[in-house]
Amino acid sequence: MTALLNSWFTRHERARIYPFAGFILLLAIEPWLAGVLTRLGIGTEPTYLLRSVLALCLLLTFCRDYVELRVAPSFNQALIALLAGGVVFLLWVIPYPAWLGGHAATIAPAMPMQSHADIFWLICRWSGSALIVPVIEELFWRSYLMRRLDDADFMSVSPAVVTTYAIVVSSVLFAVEHQLWLAGLLAGLVYAWLYRQFQVLWVSILAHVTTNAVLGLWVVCGGHWQYW
């Protein structure tokens, strides 16, 4: 199976596909995995941690291939990324009607921290969402797929010349990944614009980190669990 996949994808493609695909695969089998962990007496909480650890291990495996991550953002670029991430957070939580993918506007009490285990699993969930997911998603959706839509040799495509077609299609596919599809579409367009505008993937990653980090705090502190 590994040999077959290696024949389909170049190493640069595998480096950007496998961390994301591994995360999504464990998400797809989460009900089964949760059942196994429950029967073992462990409980369902570790499922997100397992997804994050798998993605992190794959990122470390291919770390030498991420040439786009060797370029650090400037101070001004980082500031713009933080502001953009905040805007995307607001776009994510504004009320949408159900036909646009909106959630029911229910608010539950913030989770009571009754034990150190509660705090540990929330930290795992928040850190995975805020630190791991933005990296694997930006490497896959923006660095790989968006440029791959313009040229099979995606590594030769400068983000500055990515076409509107590639931005829109990759953003639509990014939206399909999320239940709040309209918010996902707008987020994808913002992150894609940042990459094309500044040609520094860390700018898109930092914006994505900001969105997910603030969203996670909003979920936990405000009881908006439907966003998780």
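Each residue, SER74 and ALA98, gets one label point 7 Å from its Cα in the Cβ direction; the gap between the two is 4.9 nm.
Simple point charges give the picture: +1 on the Cβ of Lys and Arg, -1 on the Cβ of Asp and Glu, and for the chain a dipole about the Cα centre of about 200 debye.
In terms of the Cα gyration tensor, with a ≥ b ≥ c the square roots of its eigenvalues, is the stretch 110-228 rounded because a/c is under 1.5, prolate because a/b exceeds b/c, or oblate?
prolate
Residue order by solvent-accessible surface for HIS178, HIS12 is HIS12, HIS178, largest first, with ligands and nucleic acids left out and a 1.4 Å probe.
Ordering 201-209, 77-85 by mean Cβ neighbour count within 10 Å, with the highest value first, yields 201-209, 77-85.
Would you mind telling me which residue in ILE94, ILE167, ILE123 has the biggest mean-square fluctuation in a Gaussian network model of the chain, where springs connect alpha carbons within a distance under 10 angstrom? Of ILE94, ILE167, ILE123, the Gaussian network model singles out ILE94 as fluctuating most. May I ask you to derive the FRET efficiency for ALA152 and ALA34 from their Cβ-Cβ distance with R0 = 35 Å, giving the value to the nearest 0.05? Calculated transfer efficiency: 0.35.
Taking a Cβ cut-off of under 13 Å around ARG147, the surrounding Lys, Arg, Asp and Glu residues balance to a net charge of -2, with basic ones at +1 and acidic ones at -1. Within the shell of other residues whose beta carbon sits under 14 angstrom from the beta carbon of ILE205, the net charge comes to 0, with Lys and Arg scored +1 and Asp and Glu -1.
Computed over the chain with a Gaussian network model linking Cα atoms closer than 10 Å, the most mobile of PRO31, PRO46, PRO134 is PRO31.
On the chain, 71 percent of the accessible area sits on carbon and sulfur atoms, based on a 1.4 Å probe.
If you take the square roots of the eigenvalues of the alpha-carbon gyration tensor of the stretch 9-104 and sort them as a ≥ b ≥ c, do you get rounded (a/c under 1.5), prolate (a/b over b/c) or oblate? Note, shape of the stretch 9-104 comes out oblate.
Toward the positive end of the charge dipole of the chain, with +1 on the Cβ of Lys and Arg and -1 on the Cβ of Asp and Glu, the farthest Cα among ALA34, TRP8, LEU215 is that of TRP8.
Residues ASP118, ASP151, ASP65, sorted by accessible area with the largest first, give ASP151, ASP118, ASP65 [1.4 Å probe; ligands and nucleic acids excluded]. Ranking PHE23, GLY86, VAL190 by how far each Cα lies toward the positive end of the dipole of the chain (charges on Cβ) leaves PHE23 at the top.
Gain in length, LEU50 to LEU25, computed as 0.36 nm per residue apart minus the alpha-carbon separation, to one decimal in nm?
Numbers: separation 25, 0.36 × 25 = 9.00 nm, distance 1.13 nm.
Contour length minus the Cα-Cα distance gives 7.9 nm.
Scanning the chain for long hydrophobic helices, with DSSP H runs required to stretch 20 angstrom or more by C-alpha along their axis and to average at least -1.0 on the Kyte-Doolittle scale, returns 11-28, 46-61, 75-93, 181-198, 201-222.
Projecting the Cα atoms of LEU58, VAL203, TRP141 onto the charge dipole of the chain (Cβ charges, centred on the Cα centre) puts LEU58 farthest toward the positive pole.
Residues within the reach of a label modelled at PHE120 (point 7 angstrom out along Cα to beta-carbon, backbone nitrogen below 14 Å), restricted to the stretch 43-63, are 43-47, 49-50.
Largest accessible area first, the residues ARG196, ARG39 order themselves as ARG39, ARG196 under a 1.4 Å probe with ligands, DNA and RNA left out. Rounded to 0.05, the FRET efficiency of the CYS57 and GLN197 pair, given R0 = 22 Å and the Cβ-Cβ distance, is 0.10.
The values are calculated or read from the model by the stated rules, or taken from the named source; none is laboratory data. Keep in mind it's a predicted model, so treat the numbers as computed, not measured. Cβ atoms come from the backbone with ideal geometry, glycine included; neighbour counts cover every protein chain shown. Note: areas computed on protein heavy atoms with side chains; ligands, DNA, RNA excluded. Shrake-Rupley method; radii C 1.70, N 1.55, O 1.52, S 1.80 Å.
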